[in-house]
């Protein structure tokens, strides 16, 4: 009876634990976001750092050089796109007026259709009052005044970004200098058995998979952004480099990134060109490039190794954005990949432990001695590899 009562409490306890973790992530986001982003940066760069370390290059030197190069590349991209981005921000009121002017015929058509529908309803109901009140819908509402926000105000309100980047880089440098052996020593100190070594292997697999994924995606998105910028330049789009950078950066966000870029490019084309055909050509060109990148290029490099459910990815993106904003969206996919790898390896570990247990019971004390010696041997192998 007591065992049944305890079993009935398992699910409510799991629900309470899950809600507690979500609340902790939401409350402590200011402290956890830099650590999580630093861990992601360390995962992405750790493969290169470890490869250089095996060739005799100290981790501190290689990690410092890589982070400096990354910071210079980020600064170069910002410098390259700052002027056109500032120009578009300053011209936002004019852009809004231009969009309103170009969609005014469609608004007029919709108002006419609405008026016809109202009149038809009035005739069907034999209500003359409704028909008399219908023309009032033709009066266009007054356009509210648009508040002009200067770039100085925007960046003064977000000046903490620089401090956040420095914090992330500092934590990432410490993680890269420590290297995987530090994590291995921590796990062996906690418990020197098969499960401790297995946890170490799971963490190492997550590190390698996430690093490989983002390293490959970085190269893909560099090429994708370059092609988008070239195509936008050929089509006569203003500031093509800016749209190429936006396309490459947002493409790190699965599904939503391409949709946002498509919307931005279409709106800019609508403002910049007079003919509808030119607008459709720009929108269709980007849509074709994004389709080729998502359905041809990525499967060639990744195959079905990840094979993530789109519903799971979108849910993770929504949850990450609700918890941590833009950093949460960036960290959503790595979290999904890490959970998937942990579940896959934990399942294989469970079957391995089951077979190991049956072998130990059948083989007696000799098998027990071999099983006891196995963790130390696996840890030694892991250390020798590193």
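The values are calculated or read from the model by the stated rules, or taken from the named source; none is laboratory data. Just so we're clear, the structure is a prediction, and the values are computed from it rather than from any experiment. Cβ sites come from the backbone with ideal geometry, for glycine too, and all protein chains shown count toward neighbours.
For the reader, a short list of remarks on this structure follows.
- Boolean, residue 251 is at pLDDT below 85 and either closer than 28 Å to residue 238 by Cα or within 24 Å of the chain's Cα centre (by Cα) (or both): no
Residue by residue, here is whether (1) surrounded by 10 or more Cβ atoms within 10 Å (Cβ to Cβ); (2) within 15 Å of residue 171 (Cα to Cα); (3) at pLDDT below 85 holds:
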{"position": "5", "(1), (2), (3)": "no, no, yes"}
{"position": "11", "(1), (2), (3)": "no, no, yes"}
{"position": "23", "(1), (2), (3)": "yes, no, no"}
{"position": "39", "(1), (2), (3)": "yes, yes, no"}
{"position": "44", "(1), (2), (3)": "yes, yes, no"}
{"position": "48", "(1), (2), (3)": "yes, no, no"}
{"position": "53", "(1), (2), (3)": "yes, no, no"}
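- Residue within the range 235-252 that is outside the structural domain of residue 45 (by TED's automatic domain parsing), closer than 30 Å to residue 49 by Cβ and either in contact with a strand residue (DSSP E or B) (Cβ under 7 Å, 6 or more places away or on another chain) or not in a helix (DSSP H, G or I) (or both) present: yes
- Count of the range 49-62 residues which are touching a residue at least 60 places away in the same chain (Cβ under 8 Å) and closer than 20 Å to residue 213 by Cβ: 2
- Of all residues making up the range 304-331, the number that are at pLDDT 85 or above, at positive phi and over 13 Å from the mean Cα position of the chain (by Cα): 0
- So residue 314, is it more than 23 Å from residue 219 (Cβ to Cβ) and without any contact (Cβ under 8 Å) to a residue 40 or more places away in the chain: no
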